[in-house]
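These notes concern the structure reproduced below.
Here, each number is a calculation from the coordinates, and none is a lab measurement. These figures come from a predicted structure and were not determined experimentally. Counting neighbours? That spans all protein chains shown, and the Cβs are built from the backbone with ideal geometry, glycine included.
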Amino acid sequence: MAHVERQQWDVVIVGAGGAGLRAAIEAREQGLRTAVICKSLFGKAHTVMAEGGIAASMGNVNEGDNWQVHFRDTMRGGKFLNQWRMAELHAREAPERVWELETWGALFDRTPDGRISQRNFGGHEYPRLAHVGDRTGLELIRTLQQKVVSLQQEDFKESGDYEARIKVFQECTVTQILKEPGSEGEDRVSGVFCYERESGRFFVIEAPAVVLATGGIGKSFKVTSNSWEYTGDGHALALLAGASLINMEFVQFHPTGMVWPPSVKGILVTESVRGDGGVLRNSEGKRFMFDYVPDVFKEKYAESEQEADGWYEDPDNNRRPPELLPRDEVARAINAEVKAGRGSPHGGVFLDVSTRMSAETIKRRLPSMHHQFRELADVDITAEPMEVGPTCHYVMGGVDVDSDTAAARGVPGLFAAGEVAGGMHGSNRLGGNSLSDLLVFGRRAGLYAAEYARGCARERPRVADEQIDTAAAEALRPFGVGPAPADEETAGEAAEESAENPYAVHQDLQRAMNDLVGIIRREEEMSEALDRLAELRERARRAKVEGHRQFNPGWHLALDLRNMLLVSECVARAALNRTESRGGHTRDDHPEMDREWRRANLVCTLAAEGASGAEAETGRAGRIALRRREMPPIRKDLLELFEKEELIKYLTDEELTSE
Amino acid sequence: MATGTEPQQSTGPRPPAGPRPTGVHTSTRAAIAEPHLRKDRWWLAPAATALGLLAFVVYSSWRAFANTDYYHAPYVSPFYSPCLADNCATMKGGPNWGLFGEWWGLSPALLILIFPLGFRLTCYYYRKAYYRGFWASPPACAVAEPHKKYTGETRFPLILQNIHRYFFYAAMLVAVILTWDTVLGFRNEEYEWGHMGVGTLVFLANIVLIWAYTLSCHSCRHIVGGRLRHFSKHPVRYRLWGWVGKLNERHMLLAWASLLSVALADFYVYLLATGTITDPRLF
Amino acid sequence: MTTQAHHGAGPGTEGIGGAVSGEAPDTTRPETSYDAHFEVWRGDVDGGGLEDFTVEVNEGEVVLDIIHRLQATQAPDLAVRWNCKAGKCGSCSAEINGRPRLLCMTRMSVFDRDEIVTVTPLRAFPVVRDLVTDVGFNYEKARQVPAFVPPPDLGPGEYRMQQEDVGRSQEFRKCIECFLCQDTCHVVRDHEENKAAFAGPRFLMRVAELDMHPLDAAEEAGHDRKTAAQDDHGLGYCNITKCCTEVCPENIKITDNALIPLKERAADRKYDPLVWLGNKIRRRTT
């Protein structure tokens, strides 16, 4: 095997979005040498797509807001399936994280008294989202990026090297987390195996601590607001490293994505449109959301258009409009309207701001939406309604982590933060809680990864040459030059079988997930999805690419397929298993929420390999093992933040009386 | 539609890019022989700009050096106002300030035109116009410029462009005087007030455009408020900055409109002074 | 390189299935679809050239869709950089018919159906492969702009700024760093040797952004951004020919709102005799 370059760093962050960069800044500020690896260019991460804002109970617009209210909203939004400790930390620490951004140069929109302005959003009781027009994610990523650069400038002054203590390896992909076999089966992380997208060159970063901050999985679905990067890399890397994933059945379909023209189908239309006064209408011109307020939210939402309209000006004496229900509710409602034949010409519904705000206000408050529709759809949103429909947006599930330290359970040295981590959002994430999640748990992951790495300073884990060779062979497989990881018999078979186009496999995967494990789910369809996934896994094994390793997108996709297939199987298996509807998981055959299921997390792990690796890979059994795990009871003082009548809707009698 | 999808290598050898390839032909960049691949009529804008400017230069040089036909009561050509030498035509109540005395024998226009000329020459819009139109630096966006070396405005003489704001102050003074000239236009040939001719309208239009152009200047925008760090502490200047900003968005348009109007005003006086036409009086 | 003879049936050309469950996939080919002629530059630093492709185009598509269709059906290893496909990340910068554009924001409807569409990589930066260029220049320049200096007397949460005071810098912070302005700027596009001295429009705008930030304390800390713009970042090279503004996909008025104000601010420092005199006197007295 050719020589593979090795570098030594203290902490490796995989992903340079909000969570990754926040983790990197923290680890570097703790004094550790920190490497950041990202698939795209520095500053292009998917976080830039976040539009609405960062939820933090600063109380700048409504003084009634505080962390307890934010916590309550988050738990309600997630239908009480959230890891309550994460939700608590998140609500408590979010304001600090936002203020900190200002000291790094962020410029949020302001209130008249000069504080950070906050806007309304679905599921949030008070105006809570710090924002910059509708490009908050860009502001966040740029601020963090510039903070990283400022730390590099400090290092340059000190050592003459910008990259002495924090380096971004841009356009590189991690294909494996490497581990040092430990004494009592406690394997610990020893580094990552990567390739440079530009040159195809392999390299290894040796580090005792690895933070996963790779974002989500949306690229496994056909209609998605997610970019190509969202191939579930972190989820799959964690699984392969022996960690587990939880809540994978909960995939958020954002209610408002563009539906026309086809080439932009799925691109996000920010929730701010509704937060600022946009309303949803069906083809009959009716504001249909009034018909879709579920029982658990009945008291909180307006019953008439008059009351709903009054809320924008006088939120204390009116209830909020039902357009601002949590995303899962709105997405289901739109889906139902379209199915009932009351959809727009291109299979969505109408979202209208043109009759509700002046053209001037729309351009000021929603500049990028105005731009996006004008450029991509020839629609002037100041004069006509938008056509919108649900789009795959976010995965609530992710790596099973310790709430306080973001450490992945069962794999010492592995941490996860942001979308790749599971639990925080329960069964459904509230808009605006993602950016704050990135900051709060990004920082925590960086902090505890640094602490952990410091503890390994005396005896750093080692990376064996054989591990590198195996990883390199796996990465080269799509060229047909590396040996198949299975035994020789199957390798021979593979050569005889026809080669597969990775793009074709990817498209079939997206269709299968979109159609069979999409927004509304049925048992038969999900079983079929599992069969199709098995076939696709088989086809992916035969994926073959042309050309060479230098910036070869076909090769990159072929390698990403492994991750997408693993993650898709997690989603399908967990979704098939959970026989209720809750948050981002809606079962046609089990339409009710079941209090018994509230306490349960479904945990995915890599299935124990049977007789041989080949069997596990080719067999219909799949590669994922699923088990049910009880959630720890919610701490008493947190439970007391809710009215008893509300808790009855979510918690079992047993849980309620156990106090 | 299924046929003809074979990718083909581009045919024909590429011409060598020259002895020492620079710019878009630097050896590390994508090997494309053409200096640019624009297919639109990119040359139209710089060509039109160059022609327009050239026409004005020719016309204004002729008129400035002519030293004649610049006054016809009550109108004075803006090229000759204020008239700073003793050899000026007598203009009752007009801008006759013989500051330069008798020794100046050339056209008095040359004395005063330096200021508006300097203002326009260092104007941020005109700079763009003539750098593109005359210097081809660049001729148009993403069209390779023909020069081997480029130092921009970093050294003499172009570093002098930085004195634009002083020309702005001077241009303000000139604009005040031209305003007075316009007021004088409300007289008749016998210098009686309260009259108006078509010439008055020409002068009015010209002075409005001159002011709009002058006030829309980037230096003006900077001076009235742009240089501030906290608008909130200077509400009046902030408002002024906003207004100037609105004008400034149309700086190019105003630059051309006022250039045309000043030439027209002069030409109108020329026509009157040479007796080609008579000023139609309104009242 | 392989081609699929019947790309009409290949992946990437099928109708888009709905997110809305139950909606039947769109299987009929709309009449609005047609075959377009493309020339795409392929190659690397050792050389390359324009390659011809005939490829299907459907209603509402952008150039990036066509590039993706080429990847899926005719040129699987065609290198292109892209991310969000919504004009928000600034990754897919290239030159289309000789003009710097975002591939994802250039709609096919702006071209005539029989027009040959030429796509090349950015021509101001070293080429890596096909449509991908090495944009490292920009990251180097980013590092050379001294960062925001927080006011020493304010803690987190104590910042108070008025909307009108942050507005100007907010406009510049809309920048998605697509580097089209850097690509089109003739100062470096046509003069490789100027790259060392000139930061380019994007990073001069960054200097302007920080200089206009209501709470930046660089000056108090001894760093004058106005002078540095000229001395360290090459502001004098800019001859305000406005190509940066012309190509900006975010419609930021780079020249009028950032570069010219910065030139005026530098003039305040260096070409204003009153200020100069004041500094002289102050220096003498201290």
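Compute the separation of the alpha-carbon centres of region A:56-105 and region C:144-169 and state it in Å as a whole number. Cα centroid of region A:56-105 versus Cα centroid of region C:144-169: 23 Å apart. Short to long, the 10 Å bins of the Cα pair-distance histogram for region A:291-352 hold 22, 45, 28, 5 percent of all pairs.
For B:ARG239 and B:VAL176, the FRET efficiency from 1/(1 + (r/R0)^6), where r spans their Cβ atoms and R0 equals 35 Å, is about 0.95. Taking every DSSP beta bridge that has both ends in chain A, the antiparallel portion is near 65%.
Taking the Cβ of B:TYR130 as the center, what net charge do the other residues with Cβ under 15 Å away carry, scoring Lys and Arg +1 and Asp and Glu -1? Don't skip to the answer; put the middle values down first.
Working: positive: B:ARG120, B:ARG127, B:LYS128, B:ARG132, C:LYS242; negative: B:GLU145, B:GLU153.
Local net charge: +3.
Looking at chain B, do any whole DSSP H helices span at least 27 angstrom along their long axis by alpha carbon and average 0.0 or above on Kyte-Doolittle, and which?
Span-like helices in chain B: B:44-66, B:164-184, B:251-273.
Within the shell of other residues whose beta carbon sits under 11 angstrom from the beta carbon of A:GLY257, the net charge comes to 0, with Lys and Arg scored +1 and Asp and Glu -1.
A dipole drawn for the protein assembly as shown from +1 and -1 charges on Cβ atoms has a positive end, and of B:ASN188, C:ALA197, A:PHE551 the residue lying farthest that way is B:ASN188. From helices alone, chain A scores -11500 deg cm²/dmol at 222 nm; the rule is -39500 (n - 2.57) for each run of n ≥ 4 DSSP H residues, then divide by the residue total. Per-residue Karplus couplings for region C:110-120, computed as 6.51 cos²θ - 1.76 cosθ + 1.60 with θ equal to phi - 60°, are listed in order as 7, 9, 5, 5, 9, 6, 7, 9, 9, 10, 10 Hz, Gly and Pro entered as x. Calculated FRET efficiency, A:LYS644 to C:LEU154, Cβ-Cβ distance, R0 = 51 Å: about 0.70 to the nearest 0.05. Its DSSP H runs of at least 4 residues, each contributing -39,500 (n - 2.57), put the calculated 222 nm mean residue ellipticity of chain C at -8500 deg cm²/dmol, to the nearest 500. When the Cα positions of B:PHE203, B:ALA257, B:ALA73 are compared along the charge dipole of chain B, B:ALA257 comes out farthest toward the positive end, with charges on each C-beta of Lys, Arg, Asp and Glu. Against the main long axis of the alpha-carbon atoms of chain A, helix A:367-377 sits at an angle near 70°. Annotation for B:LYS246 and B:THR274: the two label points, set 7 Å from Cα along the Cα-Cβ direction, are 4.1 nm apart.
Rounded to the nearest 20 debye, the dipole magnitude of region C:136-285 is 420 debye, with +1 charges on Lys and Arg beta carbons, -1 on Asp and Glu beta carbons, and the Cα centre as origin. At the listed q of 0.07, 0.11, 0.12 Å⁻¹, the Debye profile of region B:41-273, built from one uniform point per Cα, gives log10 I(q)/I(0) equal to -0.27, -0.64, -0.76. Taking region A:630-659 and a reference point 7 angstrom along Cα→Cβ of A:LYS298, the backbone N atoms nearer than 19 Å belong to A:643-651. The charge dipole of chain A, taken about its Cα centre with unit charges on the Cβ atoms of Lys, Arg (+1), Asp and Glu (-1) only, comes to about 760 debye. Considering every alpha-carbon pair of chain A, the percent of pairs per 10 Å bin, from zero through the bin containing the longest distance, is 3, 16, 27, 27, 17, 7, 1, 0. Overall size of region A:398-444 from C-alpha positions, given as principal axis extents largest first: 32, 22, 14 Å.
For A:GLN7, the residues whose amide H sits under 5 Å from its own are A:VAL204, A:ILE205, A:GLU206, ignoring neighbours fewer than 5 places away on the same chain, with H placed 1.01 Å from N.
Spin-label model, B:LEU253 to A:ASP588: label points 7 Å out along the Cα-to-beta-carbon direction sit 5.7 nm apart.
Positive end of the dipole of region A:88-176 (Cβ unit charges, origin at the Cα centre): among A:ALA130, A:ALA106, A:SER150, the Cα lying farthest that way belongs to A:ALA130. Considering only C-alpha atoms, what is the centroid distance from region C:209-267 to region A:376-444, in Å? Their Cα centres are 36 Å away from one another.
Give me the percent of DSSP beta bridges within the protein assembly as shown that run antiparallel, rounded to the nearest 5.
Working: 71 of 101 bridges.
Approximately 70 percent, going by the DSSP bridge assignments.
Taking Lys and Arg as +1 and Asp and Glu as -1, the other residues whose beta-carbon sits under 11 Å from that of C:VAL55 total -4.
Close amide H contacts of A:ARG188 (hydrogens built in the peptide plane, cut-off under 5 Å, sequence separation of 5 or more or a different chain): A:GLU180, A:GLY182. Provide the FRET efficiency to the nearest 0.05 for the A:ALA340-A:ASP378 pair, computing r from the beta carbons and using R0 = 41 Å. Taking R0 as 41 Å, the efficiency between A:ALA340 and A:ASP378 is 0.90. Measuring spread by the Cα atoms of region C:136-285 yields a radius of gyration and Dmax of 16.2, 51 Å. Starting at 0 and stepping by 10 Å, how many percent of the alpha carbon pairs of region A:252-393 end up in each bin? Values per bin, smallest distances first: 12, 44, 35, 8, 0. Listed values for region A:421-428 are Karplus-derived 3J(HN,Hα) couplings in whole Hz (6.51 cos²θ - 1.76 cosθ + 1.60, θ = phi - 60°), namely 8, x, x, 3, 9, x, 8, 7, and x replaces Gly and Pro. Taking 29 Å as the straight-line reach from the Cα of A:LYS300, the lysines in range (excluding those fewer than 8 positions away in the same chain) are A:LYS79, A:LYS286, A:LYS339, A:LYS636, A:LYS644, A:LYS649. Less than 5 angstrom separates the built amide H of C:GLU51 from those of C:VAL40, C:TRP41, C:ARG42, all sequence-distant by 5 or more or on a different chain. Kirkwood's formula applied to the C-alpha pairs of chain C gives a hydrodynamic radius of 21.8 angstrom. Note on region A:486-608: with charges restricted to the Cβ of Lys and Arg (+1) and Asp and Glu (-1), its dipole about the Cα centre is near 720 debye.
In Å, the Kirkwood hydrodynamic radius of region B:77-152 over pairs of distinct alpha carbons?
Details: mean 1/r = 0.0661 Å⁻¹.
Result for region B:77-152 stands at 15.1 Å.
Here the 3J(HN,Hα) profile of region A:162-177, calculated from phi with Karplus coefficients 6.51, -1.76 and 1.60 at θ = phi - 60°, is 4, 9, 5, 10, 8, 10, 9, 8, 8, 6, 10, 10, 8, 9, 7, 8 Hz, Gly and Pro shown as x. Rg of the Cα atoms in the protein assembly as shown, relative to 2.2 N^0.38 Å, amounts to 1.01. List the pairs from C:LYS174/C:LYS242; C:LYS195/C:LYS242; A:LYS44/C:LYS174; A:LYS44/C:LYS85; B:LYS233/C:LYS242 whose alpha-carbon separation is above 22 Å, in the order I gave them. Listed pairs above 22 Å: B:LYS233/C:LYS242.
With pairing defined as another cysteine C-beta under 4.7 Å, the cysteines of chain C that fail it are C:CYS92, C:CYS104, C:CYS175, C:CYS178, C:CYS185, C:CYS238, C:CYS248.
Isolated cysteines in chain B, defined as those with no second cysteine Cβ under 4.7 Å, comprise B:CYS123.
Could you state the per residue volume, in Å³, of the convex hull enclosing the Cα atoms of region A:53-99?
Numbers: hull volume 3.3 nm³, N = 47.
Convex hull volume per residue, Cα atoms: 71 Å³.
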